[in-house]
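Before any comments, here is the structure.
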């Protein structure tokens, strides 16, 4: 859903706020003594405040205190303070969230939440953003992370949670902000954010971005990206508001596929070694069009309709190190375990080439009504969602030789390109013919009505209950299913009709405290990603997920600092399990039990903080593949934590910094490849004036070697993070 504009000065013509659900109280007895109505004085927090604002998704309920699940909001102020320019660098602030990388038939941002993949659980203005591309923060007002199964609110998927990217929208305040950045790696970046008031009821806004250069100290990671996000809003402050917005972005990047394993750990090589070739590239173009109509019948009845179209085309010609081994007269021999010195080890290069087209069209209608049944107040949300997704993936491959010996048979589609010394970065790609591989395609239709009621029993107690019924039909196909040794499913269809539930209770003794307990479910169809599970002869039953959570939320220091804590358990049933013959069945069970705590906001007017800690006890109860029973799911650290704090002197000078800790993880579900824990320290200093800021950000102060992303394929690869990097940013406001 379109993000709602932040609270405005009443003098700017905004409509008065409606009565919140919390004020649906029983009427005073007629004999009660007269009392003066309480008066609440509110004001806008400083723009650089880290404290979570109201969420942008209408069906969540707005105030995070009224959501009986853990919610983390990464707002614009925090992103600017940290110099977070990519989606990946922004969500690093959420403990319990780990980062994967491109692999197999996918590309783009790959996220794990609470030990479960969130590959299809990314949202853009409240609508599913399932396409495969690398996201930038230039158009984001904030990023909202809702933890735990949430199919009642969002539909299929969302085992570990969902991530919503809230785009900037027009406001009734004239504003222009320009920024320019340069890093010690040679990356230059410029952004613009212009909001223009056309008339008292109409405003337009446009955000723009351009960047070019190296994103890391590692080799072969140059980018050339640009984007624009225009929007216009009509009828501001009137009963009918219409918001039209778009996001257009182009990326020409080099993708890092990481370091292969050797003896159960990432191969020990010089930290900046990258195995992609200098002429590799990932090109993507994204178009998002969005239209929202909000109509207010009266203070108690509101109707919203939203339509969104997303198209992403990605063309990939990339190469990775598929395995470590030795080279002899017979060519390359993979040796993942051994004592061979680095000077005698080689890597086998594998092509990862493909052209992907992703389409999504979604329409959603929601009616919100507030009413009383006797002394009990209700906020009832009813809605229906219609969706269409389409996907094509044309794979290509390059079969080459090593030491004069062909690396595969003439009919193989593995795409082994060549071999190269393991201790050095790849050069330009060898002259190897590119051939067409499998053509995968799929499309899906979905229909989902849903209803959710927030019930105020007494002023201190609220109940939340809801149900959603999804009907999901998908069909997929593969062109090379008859190739010798190829186990891709030739074609398959699946129809899933599945209910999702949500229930919770909240106890709010004061307006600064909220205690809650909740239960929620979700489901994952086997054709959810519009690709077939290799070896499956028929679609499998949906995975179904269940979560229990208890927690508390507190506002302290005169409501300037928000504290949260929660304990939870998430269980995935019918997890897809792979037998030794390569076939799959729905027999696995995965369980994650954990605890999280966080703080965001101001300790004093000058000192603010954003911090969090998550503990995850994760286990594969029943094997999801041979040898996985009893193991820890891949990319799931037991402990993770983040801290970012700043202090402002005389409203002019700001200093700050923080640390990110991620515990030991495994790069595959058999726990045979271990990725070490790490701590990364960052710092910032800024000189701030009314019209401009000058900020210096320092990343990885100790220049430590750490592995930021994990790729499960090829035994488990790990992508090192950047070494010490400095970024200087100038921001000008008009």
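Please treat every number below as a calculation from the coordinates, not as lab data. All values reported here derive from a predicted model rather than from experimental measurement. Neighbour counts run over all protein chains shown; Cβ positions are idealised from the backbone, glycine included.
If you average 1/r over all unlike Cα pairs in region 67-217 and invert the result, what Kirkwood radius do you get in angstrom? Show your work: numbers first, answer last.
Details: mean 1/r = 0.0597 Å⁻¹.
Kirkwood hydrodynamic radius for region 67-217: 16.8 Å.
Work out Dmax and Rg for region 576-719 from the C-alpha atoms and quote the Rg first, both in angstrom.
Rg and Dmax of region 576-719, Cα atoms, are 20.7, 68 Å.
More than 23 Å apart: what percent of Cα pairs in region 171-308 qualify? It would help to have the intermediate numbers written out before the result.
Working: 5311 of 9453 pairs.
Roughly 56 percent, rounded to a whole number.
What is the mean projected area of the alpha carbon convex hull for region 398-496, to one decimal in square nanometres?
Numbers: hull surface 54.2 nm².
So the Cα hull casts an average projection of 13.5 nm².
Quick one: Debye curve from the C-alpha atoms of region 621-666, no solvent, what's log10 I(q)/I(0) at q = 0.13, 0.18, 0.20, 0.32 Å⁻¹?
Debye intensities relative to I(0), on a log10 scale: -0.52, -0.68, -0.75, -1.07.
Set the Förster radius R0 to 35 Å, insert the Cβ-Cβ distance between residue 445 and residue 501 as r into 1/(1 + (r/R0)^6), and round the FRET efficiency to 0.05.
Details: r = 23 Å, r/R0 = 0.66.
Calculated transfer efficiency: 0.90.
When the Debye formula is applied to the Cα atoms of region 571-652, each taken as the same point scatterer, what base-10 log of I(q)/I(0) results at q = 0.15, 0.25, 0.26 Å⁻¹?
-0.65, -1.08, -1.12
If you take the beta carbon distance between residue 178 and residue 510 as r and set R0 to 41 Å, what does 1/(1 + (r/R0)^6) give as a FRET efficiency, to the nearest 0.05?
Details: r = 43 Å, r/R0 = 1.05.
It comes out at approximately 0.40.
Quick one: Cα convex hull volume of region 643-734, Å³ per residue? Mind showing how you got there, number by number?
Numbers: hull volume 10.1 nm³, N = 92.
Considering the Cα atoms of region 643-734, their hull volume per residue is 109 Å³.
Taking only DSSP H segments of four or more residues, each worth -39500 (n - 2.57), what value at 222 nm results for the chain once the sum is divided by all its residues, to the nearest 500 deg cm²/dmol?
Details: 3 runs with 16 residues, N = 734.
Theoretical 222 nm ellipticity from helices: -500 deg cm²/dmol.
Please work out the Cα convex hull volume for the chain and give it in Å³ per residue.
Values: hull volume 104.8 nm³, N = 734.
Cα-based convex hull of the chain, divided per residue, equals 143 Å³.
Kindly state, as a whole number, the per residue volume in cubic angstrom of the convex hull around the alpha carbon atoms of region 262-367. Provide the component values of the computation, followed by the final result.
Details: hull volume 20.4 nm³, N = 106.
Measuring per residue, one finds 192 Å³ for the Cα hull of region 262-367.
Can you tell me which of 554-562, 706-714 comes out highest on packing, and rank the rest after it, using the mean Cβ neighbours within 10 Å?
Values: 554-562: 15.8, 706-714: 22.2.
My ranking of the peptides, most packed first, is 706-714, 554-562.
Using a Förster radius of 35 Å, what is the FRET efficiency between residue 390 and residue 647 based on their Cβ-Cβ separation? Nearest 0.05, please. Working shown, then result.
Details: r = 51 Å, r/R0 = 1.45.
My answer for the efficiency is 0.10.
What base-10 log of the normalised intensity I(q)/I(0) is obtained for region 286-348 from the Debye formula, alpha carbons as equal point scatterers, at q = 0.26, 0.27 Å⁻¹?
Calculated log10 I(q)/I(0) at the listed q: -1.07, -1.10.
Would you mind computing, in nm to one decimal, how far apart the modelled labels at residue 453 and residue 726 are, each placed 7 Å from Cα along Cα→Cβ?
Going from the residue 453 label point to the residue 726 one covers 6.2 nm.
So for the pair residue 461, residue 557, with labels modelled 7 Å out along Cα→Cβ, what separation do we get in nm?
Between residue 461 and residue 557, the simple spin-label model gives 3.4 nm.
Going by average Cβ density within 10 Å per residue, which order do the peptides 65-77, 512-524 take, highest to lowest?
Going by the mean number of other Cβ atoms within 10 Å, highest first, we get 65-77, 512-524.
Kindly identify region 99-186 as rounded, prolate or oblate by the Cα gyration tensor criterion: order the square roots of the eigenvalues as a ≥ b ≥ c, call it rounded if a/c is under 1.5, otherwise compare a/b with b/c, prolate if a/b is larger, else oblate.
On the way: a/c = 2.55, a/b = 1.35, b/c = 1.89.
Note, shape of region 99-186 comes out oblate.
Compare the peptides 232-242, 681-691 by average per-residue count of other Cβ atoms within 10 angstrom and give them in order, highest first.
Working: 232-242: 17.2, 681-691: 14.5.
The peptides rank, most packed first, as 232-242, 681-691.
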